[in-house]
Every structure is written in C-alpha cells, then in structure tokens.
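Undergrad: Have a look at this one.
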Amino acid sequence: NAGVTQTPKFRILKIGQSMTLQCTQDMNHNYMYWYRQDPGMGLKLIYYSVGAGITDKGEVPNGYNVSRSTTEDFPLRLELAAPSQTSVYFCASSPRSTEAFFGQGTRLTVV
Amino acid sequence: DQQVKQNSPSLSVQEGRISILNCDYTNSMFDYFLWYKKYPAEGPTFLISISSIKDKNEDGRFTVFLNKSAKHLSLHIVPSQPGDSAVYFCASQTGANSKLTFGKGITLSVRP
C-alpha cells in the first residue's frame, strides 16, 4: 500500500531557482493538503484542495502555487526560492477533513 | 496568534509509567480534536481523536480527555513503552470540513 508518496525526499535549491514538489495518493481521497514544518514549530498549512479542480490558500501560501488536475496528484510549485522556504514539506490526504494521512516529507534547503 | 498550544516542549517518563501530554486551545469554535505521532524522518501518523460532544475517548493504551470549559485536552499513554518515544502533535478543527490547526508538538522520551 503506497498511501501518500512525495518526491523528492531531499533537495537543495539556490536562491531564485524554482522547483515542483510532487505528491501522489492512491486512496481516492478528495482532500489533499500541503504543510510545512519549521524547526521547533507545528505544521502550518500552505494550500489545500477539497477535490480535483479546486484549491484554496492556507495560512502561509505566499511564494507557492498548487494545482489539482486529478484526484491523485497535488503538486506544490515554488517560484523564486528564498531562504525562508527552507523547511520540511509534508503532503497529506484524507477522505474528509479529519484524520489525514501524511507522506514522508521533503526536506528542502534554499542556499 | 497560536490557537493550539502545547506549552511543554518535552516530557521524559520511565517505561511502564503513565505519560500525560497536554494541549490547550483558545478558539471556542473548535469541535474536533486529534493527536498525531511523528517519528524522525517520517510523516505524522494519526493516533486518536475526540469530538467536542464527548469528554473521553479510549483506544488501547491511549486515552484522550477533553475539558471544554478549560479549553484543555490531554493524551494519556499507559503503560508507556520505549516505542512511544516520538513527537506528539495536538490538532483542532472547526466543523466537519475545515482545516486542521496544529500545535508545536511535544517530544516524548520513554526511558527503558
């Protein structure tokens, strides 16, 4: 059972570069989320989606974009990477808004 | 403005004893509460939840207590095991289709 799969697991970006964090789930969940976790902090919601074609901003959306063209995929796009975006990123999915299943995370460093 | 507070960053207990992890919230509209467990280099995993219409929910060694008047919930683990050593996040939401708000987490260490 794959669950929620995130790629890559690690990435180092230079300031100003762009990248896409991939997230795929095989549980046919409607809800999908992107969180970031900074050291010593809780998870903060970046973007979420309640179904294909629908996305909405979370607490900390600036500097990111998302799309949801299919139920399975929810990529997170970073444009013009900044050191403040150094963090661990988690993708999650759920059949409703509670009890989300998380991926293993992507550790991103912007230098 | 932190709506979900886990004020103790860490807790250390002896194997076999009880672990009590606390969480406070400020938003009186929260009506569903969850605990997640996270090991290093892994994503959080759902542990246990409680609705605001209840004051206790039990699942094996894990029990969550909710005190709505005090806006406080706690997770009890008994007996504690070394494999319980992890970071525990408290999370809350308002309504069935709303987003989760997470606390900063508590690092639990269970000593053999």
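The values are calculated or read from the model by the stated rules, or taken from the named source; none is laboratory data. Note that the structure is predicted; figures quoted are calculated from it, not measured. Cβ atoms come from the backbone with ideal geometry, glycine included; neighbour counts cover every protein chain shown. The accessibility values were calculated without ligands, DNA or RNA, using every heavy atom of the protein model including side chains. Shrake-Rupley method; radii C 1.70, N 1.55, O 1.52, S 1.80 Å.
Undergrad: Given the conditions (1) in contact (Cβ under 8 Å) with a residue 60 or more places away in the chain; (2) over 20 Å from B:D24 (Cβ atoms), report the number of the one that B:S85 does not fulfil.
TA: The one condition B:S85 does not meet is (1).
Undergrad: Also, quick follow-up: Quickly run through region B:36-53 and pick out the residues that are assigned to a strand (DSSP E or B) and either over 30 Å from A:F10 (Cβ atoms) or free of Cβ contacts under 8 Å to residues at least 24 places away in the same chain (or both).
TA: B:T45, B:F46, B:I48, B:S49, B:I50, B:S51
Undergrad: I need the full set of residues from region A:13-53 which are surrounded by fewer than 20 Cβ atoms within 10 Å (Cβ to Cβ), within 12 Å of chain B (Cβ to nearest Cβ) and either in contact with a Cys (Cβ under 8 Å, 6 or more places away or on another chain) or among the aliphatic types (A, V, I, L, M) (or both), in order please.
TA: A:M41, A:V50 - these are the residues of region A:13-53 that are surrounded by fewer than 20 Cβ atoms within 10 Å (Cβ to Cβ), within 12 Å of chain B (Cβ to nearest Cβ) and either in contact with a Cys (Cβ under 8 Å, 6 or more places away or on another chain) or among the aliphatic types (A, V, I, L, M) (or both).
Undergrad: Same structure, new question: Could you check region B:88-105 and list, in sequence order, the residues that are closer than 20 Å to A:E99 by Cβ, touching a residue at least 24 places away in the same chain (Cβ under 8 Å) and not small (G, A, S)?
TA: B:Y88, B:F89, B:C90, B:Q93, B:T94, B:L100, B:T101, B:F102
Undergrad: So, of the residues in region A:56-71 that are outside any loop (DSSP other than H, G, I, E, B) and surrounded by fewer than 18 Cβ atoms within 10 Å (Cβ to Cβ), which turns out to be modelled with the highest pLDDT?
TA: A:N65
Undergrad: Restricting attention to region B:48-67, which residues are buried (at least 16 other Cβ atoms within 10 Å of the Cβ) and either under 21 Å from B:Q14 (Cβ atoms) or more than 14 Å from chain A (Cβ to nearest Cβ) (or both)?
TA: Result: B:F62, B:T63, B:F65, B:L66.
Undergrad: Can you work out which of the residues in region B:1-35 that are in a loop (DSSP other than H, G, I, E, B), under 17 Å from B:G105 (Cβ atoms) and among the polar types (S, T, N, Q) is least open to solvent (accessible area, probe 1.4 Å)?
TA: So the residue we want is B:Q6.
Undergrad: Say whether the condition of being closer than 23 Å to A:R11 by Cα and in a loop (DSSP other than H, G, I, E, B) is met by at least one residue in region A:90-97.
TA: no
Undergrad: Restricting to strands (runs of 3 or more DSSP E) lying wholly in region B:54-112: which have 3 or more residues that are of a type in the set (V, I, T)?
TA: B:106-111
Undergrad: Continuing with the same structure: Of everything in region A:72-89 that's part of a strand (DSSP E or B) and not hydroxyl-bearing (S, T, Y), which residue is nearest to the other protein chains (Cβ to nearest Cβ)?
TA: Within region A:72-89, the match that is nearest to the other protein chains (Cβ to nearest Cβ) is A:V88.
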